[in-house]
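Single-structure report; data block below.
The values are calculated or read from the model by the stated rules, or taken from the named source; none is laboratory data. Just so we're clear, the structure is a prediction, and the values are computed from it rather than from any experiment. Backbone-built Cβ (ideal geometry, glycine too); neighbour counts: all protein chains shown. For accessibility, only protein heavy atoms count, side chains too; no ligands or nucleic acids. Shrake-Rupley method; radii C 1.70, N 1.55, O 1.52, S 1.80 Å.
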Amino acid sequence: MDWSRYRFVSVWDLPASPGTVYAHLERVEHYPQWWPQVREVTSVDDTSGTARIRSLLPYDLVMTMRAHRRDVPGGVLEVTLTGDLEGWARWTVGPHGAGSRATYEQEVVVCRPFMRVLAVPGRAVFRANHALMMRAGRHGLAARLEAV
């Protein structure tokens with residue numbers, strides 16, 4: 001097993017239509033306004049940008065995101081990631097009850113040397129850090145959707 005490889009899945013039930021949720025999720029440059037751990041997003045061109053992310057652990061992750069798939073009718077947004085994390089991330093948005101369900105999937109390899117060294121002893125901490133970040137993102141987006 002490659003201890004530097006991670007696969008994450010998070011499910012967010014949100015109080016808005018799939019189209020509204022999708023519209024918010026595709027505006028990555030606005031993430032820092034509602035997702036506290038997404039500290040900065042900078043556009044590089046029409047299909048790529050860089051992001052700086054920091055959760056509870058005392059380090060930033062910096063990566064470049066490149067659009068890979070944008071399927072509005074299917075509710076799918078997918079990017080490839082390079083930098084401190086290499087791999088991909090995908091949102092899939094669909095109806096759920098009176099609102100929407102947004103499923104976030106990510107498969108990455110950690111490239112930062114100190115994180116690779118800590119891959120085995122730090123794995124549970126890294127996964128918990130990611131879970132806290134995702135929970136804060138869900139709360140932030142839900143609050144933003146309710147305010148609209």
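Key figures
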{"item": "Where a residue in the stretch 125-146 is within 14 Å of residue 37 (Cβ to Cβ) and its partner, wherever it lies, is open to solvent by 60 Å² or more (accessible area, probe 1.4 Å) and outside any helix (DSSP H, G or I), with Cβ under 7 Å and at least six apart", "result": "129/56; 132/56; 136/36; 140/36"}
{"item": "Flag for residue 116 being open to solvent by 60 Å² or more (accessible area, probe 1.4 Å), at pLDDT 95 or above and of a type in the set (Lys, Arg)", "result": "no"}
{"item": "Unmet requirement for residue 102, which otherwise passes all of (1) assigned to a strand (DSSP E or B); (2) loosely packed, with under 14 Cβ neighbours inside 10 Å", "result": "(2)"}
{"item": "Of all residues making up the stretch 126-148, the number that are among the charged types (D, E, K, R) and open to solvent by less than 90 Å² (accessible area, probe 1.4 Å)", "result": "2"}
{"item": "Qualifying residue in the stretch 91-107 (condition: free of Cβ contacts under 8 Å to residues at least 24 places away in the same chain and not small (Gly, Ala, Ser))", "result": "yes"}
{"item": "Enumeration of residues in the stretch 1-37 that are within 21 Å of residue 81 (Cβ to Cβ) and charged (D, E, K, R)", "result": "2, 5, 7, 26, 27, 29"}
